Amino acid sequence: MAETGKREVDFADRNETDAAKAKRLKNEANSDEENRDQSASANPLFGFKTTTVLRDSAREKNMFIHGKLNDQEAVIILEKTPIREDTLLEIFNGSRLKLDMRNDIYSTYQLQPPAHLNEIKTTVVCPATEKHVKKYLRQETYLVQESGEDYRSITLPYIQSQSFSVQWVYNILEKKAEAERIVYEDPDQDVGFVLLPDFKWDQKQLDDLHLIAIVHRRDIKSLRDLTALHLPLLTNIRKKGEESILKRYGVAVSKLRVYLHYQPSYYHFHIHFTALSYEAPGCGVEHAHLLSDVIQNLQADSQYYHSRSLSFPLRADQGLLSKFKDAGKL
Ligand code: M7G
């Protein structure tokens, strides 16, 4: 900030003559055209045909799009990434600015930063199932209260027949995908796990830090399966996960939210580690269970999660909601 007076910002629009501007715009148009030609072969999203916008948010600056990619159903998530402090110098010195309006001491601009600072984080699910499409569609939600008995008679049969494939999880555990992204691994088949960045986190800033610990064992679907026998697994994940995050990212335990979802989207046991300051989607009280609470509940009562009622939100179009309605529970 001390540099304000000295700053020689390349505000190209400011003193440009009309002729110079016309020439510049033409050159830009040509180079855009070249980029497009090159991208037709290198761009895996080339030719994507939008069917519908499932959800968008001006505040979150994201858009979830359903469409067709090479004749396959696909969901694409576009998300503008936060502005990073370490890029400010480049933004101020290397951008092109177009004045929108000026009034007294106030002025607004359209700022075009250098291309590499103008990235849109893009997630592609292809081929996408109908469940993926529904997952991202904005829907009315309802809070359901599930007793232990409801879990066994309604939820369990439903998730056994319906849940998302966890092939991506097995790929991680078997090092067939994302191996280079692993932050820490405890290979023990009983209490071990793999810790890696969640694919929602682009790892460019710590503000929205989000990692997941995926357990090696394949016999725990969710919170409901946990008993006191799993305490060594849970305490191991907490201890080693927190240590690795401190070591790798310098983020202290007191700055972390460590929790699991109930219901999760993927029924292979995993735990979320997010920055405390980040309101990650799904970190509300109706969806998230703090790992430290889970550990204490199991220490007090090994059958806690077998017998207790648990609440969770379900979207209007989720099949599980109809099952609860059919059973007269809603
Ligand atoms: P969840 O608690 O089952 O449900 O979390 P949620 O998706 O409703 O939060 C699964 C977590 O795994 C989510 O935070 C996803 O962003 C993350 N995730 C999903 N997939 C398919 C992948 C993947 O392929 N790689 C990684 N690294 N994370 C994923």
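Computed quantities for the displayed model
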{"quantity": "Solvent-accessible surface ranking, highest first, for 140, 73 at 1.4 angstrom", "calculated": "140, 73"}
{"quantity": "Karplus-derived 3J(HN,Hα), 6.51/-1.76/1.60, for each residue of region 151-166, Hz, glycine and proline x", "calculated": "4, 6, 8, 10, 5, 4, x, 5, 5, 5, 9, 10, 6, 4, 4, 10"}
{"quantity": "Heavy-atom accessible surface of the chain: percent carbon and sulfur, 1.4 Å", "calculated": "50"}
{"quantity": "For residue 220, distant residues with modelled amide H under 5 Å away", "calculated": "269"}
{"quantity": "Relative contact order, percent, the chain [alpha-carbon distance under 8 Å, six or more residues apart]", "calculated": "15"}
{"quantity": "Residue-by-residue Karplus 3J(HN,Hα) for region 121-135, coefficients 6.51, -1.76, 1.60, Hz, glycine and proline x", "calculated": "5, 10, 10, 10, 10, 7, x, 9, 8, 4, 5, 4, 4, 5, 4"}
{"quantity": "5 angstrom amide H check on residue 184, placed H, neighbours 5+ away", "calculated": "195"}
{"quantity": "Sites matching GluC sites (Glu not before Pro) across region 230-326 that sit in DSSP coil, with at most 14 neighbouring C-beta atoms within 10 Å", "calculated": "279, 286"}
{"quantity": "Computed [θ] at 222 nm, deg cm²/dmol, the chain (DSSP H ≥ 4; -39,500 (n - 2.57); rounded to nearest 500)", "calculated": "-8500 deg cm²/dmol"}
{"quantity": "Estimated Rh, the chain: Kirkwood, alpha-carbon pairs, angstrom", "calculated": "23.3"}
{"quantity": "Mean Cα-pair separation over length for region 72-209, i.e. relative contact order, pairs under 8 Å, 6 or more apart, %", "calculated": "20"}
{"quantity": "DSSP H segments from the chain that extend 24 Å or more along their own axis, Cα-based, with Kyte-Doolittle mean of -1.0 or above", "calculated": "231-249"}
{"quantity": "1.4 Å probe accessible area per residue over the chain, in Å²", "calculated": "59"}
{"quantity": "Too-long pairs where the Cα-Cα distance tops 25 Å, listed order kept, from 204/247; 134/175; 200/221; 134/329; 175/239; 135/221", "calculated": "134/175"}
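The values are calculated or read from the model by the stated rules, or taken from the named source; none is laboratory data. Predicted, not measured: the structure shown is a model, and the values here were computed from it. Note: ideal-geometry Cβ built from the backbone for every residue, glycine included; neighbour counts use all protein chains shown. Just the protein is used for accessible areas: all its heavy atoms, side chains included, with ligands, DNA and RNA removed. Shrake-Rupley method; radii C 1.70, N 1.55, O 1.52, S 1.80 Å.
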